[in-house]
Amino acid sequence: MAKNELKLLGGWFSPFALRVQIALNLKGVDYEFVEETLNPKSELLLKSNPVHKKIPVLLHEDKAICESAIIVEYIDEVWSNVPSILPQNAYDRANARFWVAYIDDKWFSALKSILMAEENDEAKEAPFEEAAEVFERMEEVMNKGSEGKVFFGGDTIGFIDIGFGSFLSWIRVVEKMNARKLLHETKHPRLIQWTENFAAHPAVNGLIPDTDKLIELAKAFRQTLRASAAAN
């Protein structure tokens, strides 16, 4: 497929756009990455996603598909060559969807709260507790099934791997900005090994954003929100 027939509207910083990039790489599909600055939002983005007006958006032959998890499923169905991203078994597919929805609900909410809180703010404690619960749950999920499995999906990257692994750089951001570990060698040995396997995978290697650049972005975004709040 020609690149101009498949475009991804995304941002280098976005874990949700990263999901789509990984899925396309897994399938070996060529595409054009269109970097969105979001300030201001491009006409193409507003036209392609008029409801939510956010990235990522996959343009396939000028048809727009929105929401990262939906896009990944679309890619898996359209390019049905191996490796399959979602499990073949109906129960396993439902289970994978459950955990990705859990990640987007619990972890992303905690992440936003931690990043937006003031330094040494006691308000961080509650989201840090939520994050700790998420990592405990995901360690349990990783421990289920085959003892020697490398990924949540088994021997290959699957739906849960993409859903959780897309946040790997932001996990590092939270740890570095707060001098506080989210992943512990004693509590999460399987997850720590998984992060190494995930980051080294050919479909992922080279895509994970630089931690320090993300920290700069997070600080700038927080300052913008503070200035906006002060002006109102």
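Miscellaneous remarks
- Each Lys and Arg Cβ is given +1 and each Asp and Glu Cβ -1; about its Cα centre, region 111-158 then shows a dipole of about 400 debye.
- Taking N as its residue count, the alpha carbon Rg of region 12-53 over 2.2 N^0.38 Å: 1.29
- Furthest towards positive pole of dipole, PHE152, GLY165, TYR31, structure part the chain, Cβ charges: TYR31
- Taking a sphere under 11 Å around the Cβ of LYS149 and counting the other residues whose Cβ falls inside, with K and R at +1 and D and E at -1, yields a net charge of -1.
- Sites LEU217 and ASN89, calculated FRET efficiency, Cβ-Cβ separation with R0 35 Å, nearest 0.05: 0.35
- Within a Gaussian network of the chain (alpha carbon springs, distance under 10 Å), most fluctuating of LEU18, LEU183, LEU46: LEU46
- GNM result for the chain, Cα springs below 10 Å: residue of ALA123, ALA131, ALA179 fluctuating most strongly: ALA179
- In the chain, Cα pairs under 8 Å separated by at least six residues give a relative contact order of 19 percent.
- For region 28-156, the square roots a ≥ b ≥ c of the C-alpha gyration tensor eigenvalues yield an a/c of 1.5 or more together with a/b not exceeding b/c, which makes the shape oblate.
- Rounded percent of accessible protein surface that carbon and sulfur make up, region 8-68, 1.4 Å probe: 52 percent
- Per residue, the accessible area of the chain comes to 53 Å², computed with a 1.4 Å probe over protein heavy atoms only.
- Applied to region 175-191, the Karplus parametrisation 6.51 cos²θ - 1.76 cosθ + 1.60 on θ = phi - 60° returns per-residue 3J(HN,Hα) values of 5, 6, 5, 10, 6, 8, 7, 9, 9, 10, 4, 7, 8, 10, x, 6, 5 Hz, with x for Gly and Pro.
- Amide H partners (placed H, <5 Å) of VAL34, local residues excluded: LEU8, LEU9, GLY10
- Start at zero, step by 5 Å, and the Cα-Cα distances of the chain spread as 1, 6, 13, 17, 19, 17, 12, 8, 4, 1, 0 percent across the bins.
- Multiplying the residue separation of ILE70 and GLU43 by 0.36 nm and subtracting their alpha-carbon distance yields 7.5 nm.
- If the chain linking ARG180 and THR156 were pulled fully straight, counting 0.36 nm for each residue of separation and taking away their Cα-Cα distance, it would gain 5.6 nm.
- Size descriptor, Kirkwood hydrodynamic radius, that averages inverse alpha-carbon separations across region 45-97, Å: 12.3 Å
- Cα→Cβ-extended label distance, 7 Å offset, between GLN193 and GLU35, nm: 3.8 nm
- Listed values for region 41-51 are Karplus-derived 3J(HN,Hα) couplings in whole Hz (6.51 cos²θ - 1.76 cosθ + 1.60, θ = phi - 60°), namely 6, 6, 4, 5, 5, 4, 6, 7, 10, x, 7, and x replaces Gly and Pro.
- Of LYS112/LYS187; LYS124/LYS176; LYS144/LYS219; LYS149/LYS187; LYS7/LYS47, pairs whose Cα-Cα distance is over 26 Å: LYS144/LYS219
- Share, in percent, of DSSP beta bridges within the chain that are antiparallel, nearest 5: 70 percent
- GNM remark for the chain: springs join alpha carbons under 10 Å apart, and the peak mean-square fluctuation among TRP79, TRP170, TRP194 falls on TRP79.
- Here the scattering of region 141-181 is modelled by Debye summation over its C-alpha atoms, one equal scatterer each and no solvent; at q = 0.19, 0.32 Å⁻¹ the log10 of I(q)/I(0) is -0.64, -0.97.
- With semi-axes defined as the square roots of five times the eigenvalues of the C-alpha gyration tensor, the equivalent ellipsoid of region 103-232 measures 29, 16, 12 Å, largest first.
The values are calculated or read from the model by the stated rules, or taken from the named source; none is laboratory data. Note that the structure is a prediction, hence the values are computed from the model and not measured. For neighbour counting, all protein chains shown are included, and Cβ atoms are generated from backbone atoms with ideal geometry for every residue, glycine included. With ligands, DNA and RNA removed, areas are computed over all heavy atoms of the protein, side chains included. Shrake-Rupley method; radii C 1.70, N 1.55, O 1.52, S 1.80 Å.
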